[in-house]
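What follows is a short report on a single structure.
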Amino acid sequence: MSEVRVNNIVKTYKTARALDDVTLTFPDGGFFGLLGPSGSGKTTLLRTIAGFVEPDTGSVTIGDRPVVNVPVEAREIGMVFQNYALFPNMTVADNVDFGLRVRGVTGNDAKRRVAEALELVQLGPLGKRYPHELSGGQRQRVAMARAIAPRPRVLLLDEPLSALDKSLRVDMQIELKRIQREVGITTIFVTHDQEEALTLSDRIGILKGGRLVREGRPQEVYADPGDTFTARFLGEANVFDGKPEGSLLELLGGARVTRPEKATRIAVRPEHMTVSTVEPEGPNVLRAELRQRIFAGAMGTCVLEWQGQPVKAIARQEEFDGLPEKGAVWLSWSDRHARALTVD
Ligand code: ADP
Ligand code: MG
């Protein structure tokens, strides 16, 4: 059992509160994506779990073992960072072996584990090469092999793919997921790329200014973000504020829309907006101005303006083709696609 738990972690630096009472469980064997803008505390949280950062207060447990006083080397953690430093003067195999030697694994046992780890990242035949003889993606795989070879209980990945270009990165995402499934190790993956987090993770957590604002399954959090920051950070959202009128919300200009959960603010995703030239029946209808249509294959984007506020809609091709270039249109959504947001 290698579930990781952090409880009420606070970490303050001279000028910043990097972590502000973070409590979170990373499930055993799961792939957890930790997301947040730059400076939100992602790296500090990973480093706290690894033991490089000592929290002001709070505790960390790995499996059932509290580790706050356990040194880094004894926490059985594998790490890969953005600037994964391989030793340039060591071969690929020696780089992987290094992690084993510092843990006292030597001889045939070490040899076997190095071969296994290189096999796992599909670099079996390249053990004798030097880092400068590898591509960026291959170097990244060596870093993974080095982290995994000692068979850690937890794998911490801090933006490991951000140095790679887009297409290589997508290949490596698939690769990373395969490796994680194969070894079944509890993995905590830090990224500021929301799409990457949604693709890879079983669960995600969102940090903002050192606070955990939301945690859950990716589908769940995307469908019901709960607060404005999360709604906008994870994809795009059209946000509307209104005045409560019983079960309805009165928006600027007097339009009334369905009000979920007694909210005064709602979000509707662009893919749930319908744009039409004839006034639709039912609630949740706004008169808006189409400013721009952007063709993008099977789907198109409509940039609109409603009461001085920009609104975005994504339309399927048939719907998109039937629209004018610009001008007055109707914008609507169904009740089930309006999500309540807290106002903070
Ligand atoms: P992220 O990884 O999400 O970009 P970090 O965890 O690196 O965020 O940083 C969180 C906050 O803590 C930032 O305001 C950062 O400037 C501050 N911080 C991080 N490490 C240190 C440090 N060693 N000394 C002082 N401030 C730090
Ligand atoms: Mg960071």
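Throughout, read-outs are computed from the coordinates displayed, never taken from laboratory work. Remember, it's a predicted structure, so these values are computed and weren't measured experimentally. Cβ coordinates were reconstructed from backbone atoms using ideal geometry, including for glycine residues, and neighbour counts include every protein chain displayed.
Could you grab the relative contact order for the chain? Cα pairs under 8 Å, six or more apart, rounded to a whole percent.
16 percent
On a straight-distance basis, which lysines could pair with LYS243 in a cross-link, Cα separation under 26 angstrom, same-chain partners fewer than 8 positions away excluded?
LYS262, LYS312
Students often check this: by mean Cβ neighbours within 10 Å, which of 93-100, 189-196 ranks highest, and how do the rest follow?
Numbers: 93-100: 21.4, 189-196: 19.5.
Listed from highest to lowest mean packing, they are 93-100, 189-196.
Excluding residues on the same chain fewer than 8 positions from LYS128, give the lysines whose Cα lies under 30 Å from its Cα.
In chain and number order, the partners are LYS111, LYS166, LYS177.
On C-alpha positions alone, give me the angle between the axis of helix 166-183 and the longest principal axis of the chain, in degrees, nearest 10.
60 degrees
Count charges around TRP330 for me, please; just the other residues with Cβ under 14 Å from its Cβ, Lys/Arg as +1, Asp/Glu as -1.
So the surrounding residues net to -4.
Taking the 0 to 90 degree range and rounding to the nearest ten, how far is the long axis of helix 92-101 tilted relative to the main principal axis of the chain, both from C-alpha atoms?
Once rounded, the angle reads 80 degrees.
Just want the answer: with Cβ charges of +1 for Lys and Arg and -1 for Asp and Glu, which residue in ASN238, SER162, LEU248 is farthest toward the dipole's positive end in segment 135-280?
SER162
Using only Cα atoms, what Kirkwood radius does the chain have, in angstroms?
About 22.7 Å for the chain.
With no solvent and one equal point scatterer placed on each C-alpha of segment 2-98, evaluate the Debye formula and give log10 I(q)/I(0) for q = 0.16 Å⁻¹, two decimals.
The calculated log intensity ratios at q = 0.16 Å⁻¹ are -0.76.
In degrees, nearest 10, range 0 to 90: what is the angle between the Cα axis of helix 107-120 and the longest Cα principal axis of the chain?
20 degrees
Testing the spin-label approximation: label points 7 Å from Cα along Cα→Cβ at ARG291 and GLU119. State their distance in nm.
5.8 nm
Compute the length gained on full extension between LEU252 and SER276: take 0.36 nm times their separation in residues and subtract their Cα-Cα distance, giving the result in nm to one decimal. Walk me through the numbers before you get to the answer.
Details: separation 24, 0.36 × 24 = 8.64 nm, distance 2.05 nm.
Roughly 6.6 nm would be gained on extension.
Given a Förster distance of 22 angstrom, what is the FRET efficiency for SER38 paired with GLU236, based on the Cβ-Cβ distance and rounded to 0.05?
For R0 = 22 Å, the calculated efficiency reads 0.65.
What list do you get for VAL72, VAL80 if you sort them by fewest beta carbons within 10 Å?
Numbers: VAL72 12, VAL80 22.
Going from sparsest to densest Cβ surroundings: VAL72, VAL80.
Does a label point 7 Å from the Cα of VAL343, set along Cα-to-beta-carbon, have any residues of segment 192-233 with amide nitrogen under 19 Å, and which are they?
Under cut-off, by backbone N: 225-232.
Which lysines have a Cα less than 19 Å from the Cα of LYS11, not counting those fewer than 8 places away in the same chain?
Reachable lysines: LYS42, LYS208.
Give the separation of the Cα centroids, segment 249-268 to segment 20-85, in Å.
Centre-to-centre (Cα) distance: 40 Å.
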